[in-house]
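*Asks:* First the structure, then my questions, so here it is.
Every number here is computed from the coordinates shown, using simple stated rules; none is lab data. What you see is a predicted model, and the numbers here were worked out from it, not measured in a lab. Methodologically, a virtual Cβ is constructed for each residue, glycine included, from the backbone with ideal geometry; neighbour enumeration extends over all protein chains shown.
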Amino acid sequence: AHVWRGVLREFADRLGVTDASTVVTLGEGGTPLIPAPSLSQRTGADVWIKFEGMNPTGSFKDRGMTVALSRAVEHGAKAVICASTGNTSASAAAYAAHAGITAAVLVPEGKIAMGKLSQAVIHGGQLIQIRGNFDDCLEIARELSERYPVHLVNSVNPDRIEGQKTAAYEIASQLGDAPDFHFIPVGNAGNYTAYSRGFIDDAQAGTTTRVPRMFGFQAEGSAPIVRGEIVKDPETIATAIRIGNPASWELALDAREKTDGYFGAISDSAILAAQKLLAGTVGVFVEPASAIGVAGLLERSAAGVVPAGSRVTVTVTGHGLKDPQWALKQEDGSEVTPTVVDASTGDVADVLGLAPVG
Ligand code: F0G
């Protein structure tokens, strides 16, 4: 059986890796592309889910972090720094731990999910909560990396984008060609940029016959690209993409142009509905931000933009276990409380509505 060796070794030719290169890896990449018959049925398209929650720290960030940390170590860095809404900090802390160097992570106070906070802490990251939002954190991280000996590993670092392109390569190889449409969440717009470049690389190399139309989605209260202006106080329950001034804004507009793409905004309630639908009908549990591509697909399909029979891929970026609180919330805001009964087979059968056999 083939044993997956992480994206730097699996895509060594495309990422310029040689036997002499430093490789800091946790075996990231090689994530499943899962057919979604329930979504195909709803949309009339042929829908597949790229489940990036299956990466070592539970999000797509690991693809870029293996490249960023490997290059940082190669250049002798002893410390890396990032701003984060949670997933980047979890990934940076894990890869830094593996490399034996320090990771400093700046996060917006009270606005990152508990699972992600726990990850940064247990991996030994130097976690600092900033009284401000993600955009404030990124500004500080950038300034620190210019004035102090710390290496910036946010997606403004081109190594991150290079690594994240590998997900597009995998999709094309898993499907045998690129899809017609690709749906993806947008925060800083680094991943949107990375996938666009990856799909374009493949088409230029002649390994695929098309570049998918790249459809990216922001939360309604944090939709600067859709609105065409910086959002000063971004809000959404999808904390991963609570970003008002995306770092890769210009790159993403260029990518939209090149892929005949689209940016749309989705409400928090539609995000939660899509999260539930994905978990309940496909069997894939993702964090709220990660469900926005599915919500976007349903919205664009209803708008008549996705022709029947189109091949559609949707990237779901992070695992549901990172931010599980939303799964236990019902539409009216109350908590789900599982039924409690005595330790009796008959009582359980009654609750399940089962009649005895024969
Ligand atoms: N989905 C998840 C789960 C994320 O954590 C992020 C970004 C995105 C989507 C958006 O990706 O920024 O490349 O457009 N999270 C960053 C972080 C900001 O700090 O973890 P993007």
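*Asks:* Does anyone have the angle between helix 87-99 and the longest principal axis of the chain? Alpha-carbon axes, 0 to 90°, nearest 10?
*Replies:* Relative to the chain, helix 87-99 is tipped by roughly 60 degrees.
*Asks:* List every residue whose amide H lies under 5 Å from the amide H of HIS151, counting only residues 5 or more places away in sequence or on a different chain, with H placed 1.01 Å from N in the peptide plane.
*Replies:* Residues meeting the amide H criterion: ALA79, VAL80, ILE81.
*Asks:* Okay, moving on. Suppose the chain between VAL341 and SER173 were pulled fully straight at 0.36 nm per residue; how much longer would it get relative to their current alpha carbon spacing? The partial results should precede the final answer.
*Replies:* Details: separation 168, 0.36 × 168 = 60.48 nm, distance 4.96 nm.
Net length gain for the segment: 55.5 nm.
*Asks:* Turning to a different aspect of this structure: What shape does segment 61-157 take by its C-alpha gyration tensor, where a ≥ b ≥ c are the square roots of the eigenvalues and a/c under 1.5 counts as rounded, a/b above b/c as prolate, and the rest as oblate?
*Replies:* Values: a/c = 1.78, a/b = 1.24, b/c = 1.44.
Verdict is oblate for segment 61-157.
*Asks:* On to the next question. Over the chain, what is the mean sequence separation of C-alpha contacts under 8 Å (at least six apart), divided by residue count, expressed as relative contact order in percent? Could the numbers behind the result be given before it?
*Replies:* Numbers: 738 pairs, mean separation 64.4, N = 358.
RCO, the chain: 18 percent.
*Asks:* Points 7 angstrom from Cα along the Cβ direction at LEU352 and ALA205: gap in nanometres?
*Replies:* Reported label-point gap for LEU352 and ALA205 is 5.0 nm.
*Asks:* If one computes the Cα centroid of segment 65-134 and of segment 248-306, what distance in Å separates the two points?
*Replies:* 27
*Asks:* On to the next question. Which angle between 0 and 90 degrees, to the nearest 10, do you get for helix 166-175 versus the longest principal axis of the chain when only C-alpha atoms count?
*Replies:* 50
*Asks:* If we sort 144-150, 348-354 on the protection proxy, mean other Cβ atoms within 10 Å, highest first, what's the order?
*Replies:* Numbers: 144-150: 13.4, 348-354: 10.4.
In descending order of packing, they fall as 144-150, 348-354.
*Asks:* If R₀ is 25 angstrom, what is the calculated FRET efficiency for the pair SER267 and GLN330, using the beta carbon separation as r and rounding to 0.05? The partial results should precede the final answer.
*Replies:* Values: r = 17 Å, r/R0 = 0.69.
With a Förster radius of 25 Å, E is 0.90.
*Asks:* For LYS232 and ALA12, calculate 0.36 nm times their separation in residues minus their Cα-Cα distance, and state this gained length in nm to one decimal. Mind showing how you got there, number by number?
*Replies:* Numbers: separation 220, 0.36 × 220 = 79.20 nm, distance 4.07 nm.
Here the segment from LYS232 to ALA12 would lengthen by 75.1 nm.
*Asks:* Follow-up question, since we're still on this one. Among LYS258/LYS322; LYS50/LYS276; LYS165/LYS258; LYS111/LYS329; LYS78/LYS111; LYS50/LYS78, which pairs are too far apart, with a Cα-Cα distance over 25 Å? Before the final figure, lay out the partial values.
*Replies:* Values: LYS258/LYS322 34 Å; LYS50/LYS276 17 Å; LYS165/LYS258 16 Å; LYS111/LYS329 18 Å; LYS78/LYS111 28 Å; LYS50/LYS78 34 Å.
From LYS258/LYS322; LYS50/LYS276; LYS165/LYS258; LYS111/LYS329; LYS78/LYS111; LYS50/LYS78, over 25 Å: LYS258/LYS322; LYS78/LYS111; LYS50/LYS78.
*Asks:* What do you get for the angle between helix 61-74 and the principal long axis of the chain? Use alpha-carbon atoms, 0 to 90 degrees, nearest ten.
*Replies:* 20
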